[in-house]
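K.L.:
Right, I'll just put the structure down here and ask away after.
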Amino acid sequence: MTELEKLYEEIRNCHKCRLAESRTNAVPGEGPEDAQIMFIGEAPGFHEDRQGRPFVGAAGRFLDQLLESIGIKREEVYICNVIKCRPPGNRDPLADEIKACAPYLDRQIEIIKPRLIVTLGRFSLAKFLPKASISKVHGQLIRVGDLTCYPVFHPAAALHQPRWKSAVEEDFRRIPEILKQLDKLEIEDETKAKQLSLFGL
């Protein structure tokens with residue numbers, strides 16, 4: 001088993017919070033271990049809980065469409081949630097539930113080492129920027145420590161509130177250009193590192 005597969009087993013057997021009592025399946029996440037982009041949502045819903053997979057309901061279909069619109073296949077990216085079990089009635093996750101699940105998400109980020117983390121919605125954004133407002137920072141590239149984050153509205157929000165749909169689509173359209181920017185920055189960083197090494201720094 002890979003390190004990620006071992007983590008999945010741990011998540012599926014987790015009883016760290018009350019959500020384990022009502023879940024059908026835990027939903028660890030899915031995607032390649034070397035994915036360049038990681039999408040982080042809020043929590044599993046009804047369909048995700050039944051299938052044990054993230055983003056397989058209406059919001060998942062919309063996410064698939066958004067990815068297709070920018071020439072990216074779902075199987076090329078990593079998709080997961082802040083919490084790994086469905087809250088009853090799809091209520092918002094509670095603070096202690098988020099805290100219990102936080103080490104799992106931290107380990108997923110550590111294993112995959114994504115170049116770009118796309119946060120989907122306010123709970124995912126709060127993981128990295130607790131005081132930020134999604135309506136103010138969506139579509140902006142933000143550096144958080146060693147991580148590069150790109151907040152966008154949750155696809156479900158766009159489905160429930162049509163006024164956000166065009167914002168989500170526009171933010172997704174920028175992702176290919178952002179990857180090119182990251183390429184350029186990484187080349188510049190490598191060049192600087194080589195120059196410094198020449199001077200023994």
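K.L.:
Which ones in segment 99-112 are over 16 Å from the mean Cα position of the chain (by Cα) and buried (at least 20 other Cβ atoms within 10 Å of the Cβ)? If you could, list the steps in order and put the result at the bottom.
P.N.:
From segment 99-112, those over 16 Å from the mean Cα position of the chain (by Cα) are 99-100; that's our starting set.
Passing the criteria: only Ala100.
K.L.:
Among residues belonging to segment 114-145 that are touching a residue at least 24 places away in the same chain (Cβ under 8 Å) and part of a strand (DSSP E or B), point out the one that is nearest to Glu186 (Cα to Cα).
P.N.:
The qualifying residue nearest to Glu186 (Cα to Cα) is Leu116.
K.L.:
Continuing with the same structure: For segment 106-116: of the residues being in contact with a helix residue (DSSP H, G or I) (Cβ under 7 Å, 6 or more places away or on another chain) and of a type in the set (A, V, I, L, M), which is farthest from Phe62 (Cα to Cα)?
P.N.:
For segment 106-116, the residue satisfying everything is Ile111.
K.L.:
Looking at segment 14-45 only, could you name the residues that are of a type in the set (D, E, K, R) and either over 18 Å from Asp92 (Cβ atoms) or without any contact (Cβ under 8 Å) to a residue 12 or more places away in the chain (or both)?
P.N.:
Within segment 14-45, Lys16, Glu21, Glu30, Glu33, Asp34 meet the criteria.
K.L.:
Taking segment 58-76 on its own, how many of its residues are buried (at least 17 other Cβ atoms within 10 Å of the Cβ) and assigned to a helix (DSSP H, G or I)?
P.N.:
Of the residues in segment 58-76, 6 are buried (at least 17 other Cβ atoms within 10 Å of the Cβ) and assigned to a helix (DSSP H, G or I).
K.L.:
Does segment 159-170 hold any residues that are surrounded by 14 or more Cβ atoms within 10 Å (Cβ to Cβ) and out of contact with any Leu (no Cβ under 9 Å at 6 or more places or on another chain), and which are they?
P.N.:
Once the filter is applied, which keeps residues that are surrounded by 14 or more Cβ atoms within 10 Å (Cβ to Cβ) and out of contact with any Leu (no Cβ under 9 Å at 6 or more places or on another chain), segment 159-170 yields Leu159, Trp164, Ala167.
K.L.:
Okay, moving on. Give segment 113-151 a look and list any residue that's on the phi < 0 side of the Ramachandran plot, over 11 Å from the mean Cα position of the chain (by Cα) and of a type in the set (Lys, Arg), or say none.
P.N.:
Arg115, Arg122, Lys131, Lys136, Arg143, listed by residue number.
K.L.:
Within segment 1-59, how many residues are among the polar types (S, T, N, Q) and either touching a strand residue (DSSP E or B) at 6+ places or on another chain (Cβ under 9 Å) or under 29 Å from Leu182 (Cβ atoms) (or both)?
P.N.:
So the count comes out to 2.
K.L.:
Something else about it: Can you tell me which residue in segment 77-98 is nearest to the chain's Cα centre (by Cα), limited to those that are part of a helix (DSSP H, G or I) and surrounded by 13 or more Cβ atoms within 10 Å (Cβ to Cβ)?
P.N.:
Ile98
K.L.:
Can you find a residue in segment 44-57 that is buried (at least 24 other Cβ atoms within 10 Å of the Cβ), aromatic (Phe, Trp, Tyr) and in a strand (DSSP E or B)?
P.N.:
No - not one qualifying residue is present in segment 44-57.
K.L.:
On to the next question. Looking at Arg50, Arg23, Arg61, Arg18, which one is touching a Ser or Thr at 6+ places or on another chain (Cβ under 9 Å) and of a type in the set (Lys, Arg)?
P.N.:
After applying the criteria, what remains is Arg50.
K.L.:
Would you pick out the residues in segment 7-43 that are part of a loop (DSSP other than H, G, I, E, B), among the aliphatic types (A, V, I, L, M) and farther than 24 Å from Val152 by Cβ?
P.N.:
Result: Ala26, single match.
K.L.:
Determine the pairs where a residue that is without any contact (Cβ under 8 Å) to a residue 60 or more places away in the chain and under 10 Å from His138 (Cβ atoms), located within segment 154-178, has a partner that is buried (at least 20 other Cβ atoms within 10 Å of the Cβ) and of a type outside the set (Phe, Trp, Tyr) with Cβ atoms under 7 Å apart, the partner being 6 or more residues away or on another chain.
P.N.:
Going by the 7 Å Cβ cut-off, the qualifying pairs are Trp164/Ala157; Trp164/Ala158; Ala167/His138; Asp171/His138; Asp171/Val152.
K.L.:
Restricting the first residue to segment 88-101 and requiring it to be within 16 Å of His47 (Cβ to Cβ), which pairs with a second residue that is part of a helix (DSSP H, G or I) meet a Cβ separation below 9 Å and a spacing of at least six or different chains?
P.N.:
Qualifying pairs under 9 Å: Pro88/Leu19; Pro88/Ser22; Asn90/Phe46.
Coordinate-derived values only; no laboratory data. Only a predicted model underlies this, so the values are computations on that prediction, with no experimental measurement involved. Here Cβ is always computed from backbone atoms with ideal geometry, including for glycine, and neighbour counts include all displayed protein chains.
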